[in-house]
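The values are calculated or read from the model by the stated rules, or taken from the named source; none is laboratory data. None of these values were measured; they are calculated from a predicted model. Note: ideal-geometry Cβ built from the backbone for every residue, glycine included; neighbour counts use all protein chains shown.
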Amino acid sequence: MTVEANRDLVVRTFAALSAGDMPGFFDCFADDVQWTIIGQTIYSGTYVGKDDLASRLFGRLGEQLDENGIRGEVQNTIAEGNTVVAQVQGTARTKTGRSYNNTYCFVIEVHDGRIKKWTEYLDTELVTAAFVD
C-alpha cells in the first residue's frame, strides 16, 4: 500500500469507531494485531488478536462507557512507509457520568492493507480518574 493509503486506513478506522461501527472498525485490523497501551492503567498492556482486543479492551470499555461509546477526532497524521502517527482527541462519558476526554498519540504499523501493530500513548492519570473508583 502507499503511504496515502495507509493514512486513509487509519482515518477510516477512527471514523468507524466514532460512528459506533464496530464491525467496520475491527475490519481495519489484521487478525493477529498487537495493540499496546502504555503505562500502568487498568487498560494498559498488550492485546494480541482481534478477539482479545474485542473482549478484553473494548468489551470492558463498553461496560463502563455510556451508550455513545468513544469517539476519536483525528487532528493530525504523519505517515512514512508502513507507519502512521495520529494525534487524536477522544471524547466519551462513563455510565457514572464522568467525562473521559483524552488526548492520544497513536503509532500504527500497516501491513497488507490492515493494521498490524498499534501503540497508544495517552494521559494515564485521566484513565484512572475516569474509570477507577
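Provide a single number: the residues in the range 108-127 that are out of contact with any strand residue (DSSP E or B) (no Cβ under 8 Å at 6 or more places or on another chain) and either assigned to a strand (DSSP E or B) or not β-branched (Val, Ile, Thr) (or both).
Filtering the range 108-127 for residues out of contact with any strand residue (DSSP E or B) (no Cβ under 8 Å at 6 or more places or on another chain) gives 113, 124-127.
If we keep only those that are either assigned to a strand (DSSP E or B) or not β-branched (Val, Ile, Thr) (or both) too, we end up with 113, 125-126.
Of the residues in that region, 3 qualify.
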Checklist entry - Would a scan of the range 101-117 turn up a residue that is aromatic (Phe, Trp, Tyr) and out of contact with any helix residue (DSSP H, G or I) (no Cβ under 7 Å at 6 or more places or on another chain)? => result yes
Checklist entry - Could you give every pair whose Cβ atoms fall below 7 Å, whose first residue belongs to the range 41-52 and is farther than 13 Å from residue 30 by Cβ, and whose second residue is in a loop (DSSP other than H, G, I, E, B) and modelled with pLDDT of 95 or more, counting only separations of at least 6 or pairs across chains? => result 44/38
Checklist entry - Taking interchain pairs and intrachain pairs at least six residues apart, which have beta carbon atoms under 7 angstrom, with the first residue in the range 84-97 and within 16 Å of residue 115 (Cα to Cα) and in contact (Cβ under 8 Å) with a residue 40 or more places away in the chain and the second buried (at least 17 other Cβ atoms within 10 Å of the Cβ) and among the charged types (D, E, K, R)? => result 84/7
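So in the range 16-70, with the set limited to residues that are part of a strand (DSSP E or B), among the aliphatic types (A, V, I, L, M) and closer than 18 Å to residue 119 by Cα, which one is nearest to the chain's Cα centre (by Cα)?
Step by step, filter the range 16-70, then rank; the result is 37.
Here's a check for you: in the range 71-107, which residue that is part of a loop (DSSP other than H, G, I, E, B) and touching a strand residue (DSSP E or B) at 6+ places or on another chain (Cβ under 8 Å) is nearest to residue 130 (Cα to Cα)?
Per the stated criteria, the residue is 100.
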Checklist entry - When you go through (1) among the small types (Gly, Ala, Ser); (2) closer than 19 Å to residue 29 by Cα; (3) in contact with a strand residue (DSSP E or B) (Cβ under 8 Å, 6 or more places away or on another chain); (4) not in a strand (DSSP E or B) one by one for residue 130, which number turns out not to apply? => result (2)
